[in-house]
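K.L.:
Below are the structure tokens for one structure; questions will follow.
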Amino acid sequence: MITPMELFIKKMQDLLQPGKVYRMDGSQEEAERLTNLAQESEVDGRIVLKKLNAQEYPNSYYHRSNPNDVARTEHLTFVCTPTKEQAGPNNNWLEPGAAKEKMMRLLKDAMKGRTMYVIPFVMGTPQSRYAKNCVQVTDSVYVALSMRVMSRVGKQAVERIGNSSDFFRGVHSIGDVNPDRRFIMHFPQENLVMSFGSGYGGNALLGKKCYSLRIGSYLGYQEGWLAEHMIIIGVQAPDGKVTYFLGAFPSACGKTNLALLEPVLKGYKVWTMGDDIAWVNVGEDGQLYAINPEAGFFGVAPGTGANTNPVMMKTLKNDKFFPTLFTNTAVDNSNNTPWWEGVSKEVPSDLTDWQGQKYDKNSSKPAAHPNSRFTVSIYNCPTLSSEYDNPRGVPISGIIFGGRRRSTIPLVYEAKNWNAGVFTASIIGSETTAASTGQVGAVRRDPMAMLPFCGYNMGDYFRHWLDMGKKVKNPPKIFMVNWFRKDEDGKFMWPGFRDNSRIIKWMIDRVEGKAGVVESEIGLFPEDNAIDLNGLDIKKETMAKLLRVDKEDWKKEIVMIEEFYAKFGDKIPKELNNCLAELKNKLGM
Ligand code: OXD
Ligand code: MN
């Protein structure tokens, strides 16, 4: 009898008509072979991979994509639930039958003359009961190699799947990289994603945003857990105790920097568990536990440097795991290394830009695409937590939410309880960045930093969050931060980066009941002098400005929140409407 996995592969072969089928085993030997092949292959008129300087960047390869294919395409991403209401106003929706028909037409014979890579993979440590089994097919060797870095590809997945039909199915073809024929369709009820026309990470590495967040959030809703757009870190205090935090921030808000932070405070250390996605379950003891389903970082290169993220620079130069990929950065021809804005002060004189053109140093445009990326194994990371592969995950004591806001949102405050925390997270706004196509710099509501990734109606998602709070014995404390406040001259008021550890130390003190708070309209502020500012040159008045409620700004904020909530009609849980009413009341509205 044919197993469900074999049946899926056969169906894909019949549909896609590839010239060859290659099944990945996840071995190093295989990765080397595919990397060699990629250096000789052209896709979309470009050599897929070029080897970079191995002395400077071991195991590293350069990939340049079609300039029309450099970010997630939210307007071409659909959640195809039986009813529109199930997908909610937060998703583009298509009826599943119509969506499938559309995709079948695009995918039919799409791999003629190409190789179909069959990628069996596990999201999460294969020993974990929280891990999930997946199979993706793709015709992109770049995607196949990236999947090896980002997930656990190979034998273990095949063994875990066995005769079961309980696995995620992903179909991906890069097609002809035509934005008019590019769709990413999710079918949560069928544990299926169909993606066509893009090779970009968030659109094509289906284990990442598509499965671990959109499909995952739906599974979590059904099964009683949460799939979140969150980092996981363990923060070690001078006494050796490690406190685990989750952190949710919209794309390119410094999430990866926080996940690999070198604290400025003496005796503190951050242990990295993950930089993008967390699966959060209630453990046997009733506490919240988180695992990172991914096995690598797909990080934004620009802004990453020895000053901003020294640990990531070491990760990128580590030779433990093969391969590391750089996509759409510039290349310094003098030594064949990848280059991006922020990796060195000096702009090298002989640069090729991300589009393959000679770079003019006086150009007003950046040499690397603002959303250029590195793909690197988490096992290369020198601060990887010893708990990373613990099948149980790590117990969570605090959840940090944030956004990029030049005004209104204070540096830090704490929600007074779980429900107030869910409210705080549901009203996050952030200035948009280059990780998605569209306008950069506009403020958009991005609840829990999940707006582009929640695979079902966000009203139901808020309800699910509130219910999770009831199931947990000691719900973690919930904090809101904003590292990005600017003064009247447009200068950042808080130094950010390594100094953010000062705020996290306060959070640990709060978890341990060691620090006091002052109540405000929006939540709890640190007491005077509760934040350790030792060695930091910051004025008392600046701190005061960073830690207060600007009532007039908040009144404007309320208008935007109400507009956002209105989209969900009566799906907004009454608990959240009550929090909003209470806040308005406190602001005198
Ligand atoms: C990402 C994103 O790529 O959030 O991680 O866009
Ligand atoms: Mn992300």
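K.L.:
Which aspartates and glutamates have a Cα less than 12 Å from the Cα of residue 209, not counting those fewer than 8 places away in the same chain?
P.N.:
Excluding near neighbours in sequence, the set is 74, 228, 276, 294.
K.L.:
Now for a different question. Pairs to check: 514/545; 100/208; 473/505; 11/100. Give those whose C-alpha atoms are more than 19 Å from each other in this structure.
P.N.:
Over 19 Å Cα-Cα: 514/545; 100/208; 473/505.
K.L.:
Next question. Order 44, 319, 332, most accessible first, counting only protein heavy atoms with a 1.4 angstrom probe.
P.N.:
319, 44, 332
K.L.:
Keeping the other protein chains in place, figure out the carbon and sulfur percent of the accessible area of the chain, with a 1.4 Å probe.
P.N.:
Accessible surface attributable to carbon and sulfur in the chain totals 48 percent.
K.L.:
Still on this model: Taking 0.36 nm per residue of sequence separation and subtracting the Cα-Cα distance, how much length would be gained by fully extending the chain between residue 334 and residue 83, in nm to one decimal?
P.N.:
84.7 nm
K.L.:
Using a Cα-Cα cut-off of under 17 Å, which lysines could be cross-linked to residue 361, ignoring same-chain neighbours fewer than 8 residues away?
P.N.:
345
K.L.:
Search the structure for amide H atoms under 5 Å from the amide H of residue 92, placed 1.01 Å from N in the peptide plane, and list their residues when 5 or more places away or on another chain.
P.N.:
79
K.L.:
Need one number: the % of Cα-Cα pairs in the stretch 297-380 sitting beyond the 14 Å mark.
P.N.:
Of the Cα pairs, 60 percent sit more than 14 Å apart.
K.L.:
How far, in nm, would the chain grow between residue 55 and residue 488 when pulled straight, counting 0.36 nm per residue and subtracting the alpha carbon separation?
P.N.:
So the extension gain works out to 151.3 nm.
K.L.:
Take residue 108 and residue 1, extend 7 Å from each Cα along the Cα→Cβ direction, and tell me the distance between the two endpoints in nm.
P.N.:
Distance between the two pseudo-spin positions: 3.2 nm.
K.L.:
Excluding ligands and nucleic acids, what accessible area in Å² is computed for residue 27 using a 1.4 Å probe, to the nearest 10?
P.N.:
It works out to around 40 Å².
K.L.:
Okay, next question. Just for the chain, what percent of DSSP beta bridges are antiparallel, to the closest 5?
P.N.:
Taking every DSSP beta bridge within the chain, about 65 percent pair in antiparallel fashion.
K.L.:
Quick one: of the DSSP bridges fully inside the stretch 142-197, what percent are antiparallel, nearest 5?
P.N.:
50 percent
K.L.:
Further, regarding this structure: If the cut-off is 15 Å between C-alpha atoms, which aspartates and glutamates fall inside it for residue 555, apart from same-chain ones fewer than 8 positions away?
P.N.:
Here the aspartates and glutamates satisfying the reach criterion relative to residue 555 are 521, 563, 582.
K.L.:
Can you compute 3J(HN,Hα) from phi for each residue in the stretch 72-89, using the Karplus curve 6.51 cos²θ - 1.76 cosθ + 1.60 with θ = phi - 60°, rounded to whole Hz and x for Gly and Pro?
P.N.:
Per-residue couplings from phi come out as 5, 10, 5, 6, 10, 9, 10, 10, 9, 8, x, 10, 5, 4, 5, 6, x, x Hz.
K.L.:
Further question: For the stretch 56-198, just run the numbers: alpha carbon Rg, then divide by 2.2 N^0.38 Å, N being how many residues it has.
P.N.:
1.12
K.L.:
Principal axes first, then extents: for the Cα atoms of the chain, list largest minus smallest coordinate on each axis, whole Å, largest first.
P.N.:
On the principal axes, the chain reaches 67, 56, 43 Å in Cα extent.
K.L.:
If you don't mind, there's one more thing I want to ask. Quick one: length gained pulling residue 241 to residue 165 fully straight, 0.36 nm per residue minus the C-alpha distance?
P.N.:
Going from the current span to full extension adds 23.1 nm.
K.L.:
Let me ask something else about it. Could you order peptides 67-75, 102-110 by the average number of other Cβ atoms within 10 Å of their residues, highest first?
P.N.:
67-75, 102-110
K.L.:
OK, next. Go through the stretch 337-348 residue by residue and turn each phi into a ³J(HN,Hα) via Karplus (6.51, -1.76, 1.60, θ = phi - 60°); whole Hz please, and just put x for glycine and proline.
P.N.:
With coefficients 6.51, -1.76 and 1.60, one gets 10, x, 9, 8, 4, x, 7, 8, 5, 6, 7, x Hz.
K.L.:
Points 7 angstrom from Cα along the Cβ direction at residue 262 and residue 347: gap in nanometres?
P.N.:
Distance between the two pseudo-spin positions: 2.7 nm.
The values are calculated or read from the model by the stated rules, or taken from the named source; none is laboratory data. Since this is a predicted model, take the numbers as computed values, not measurements. For neighbour counting, all protein chains shown are included, and Cβ atoms are generated from backbone atoms with ideal geometry for every residue, glycine included. Keep in mind that these areas ignore ligands, DNA and RNA; they rest on the heavy atoms of the full protein, side chains included. Shrake-Rupley method; radii C 1.70, N 1.55, O 1.52, S 1.80 Å.
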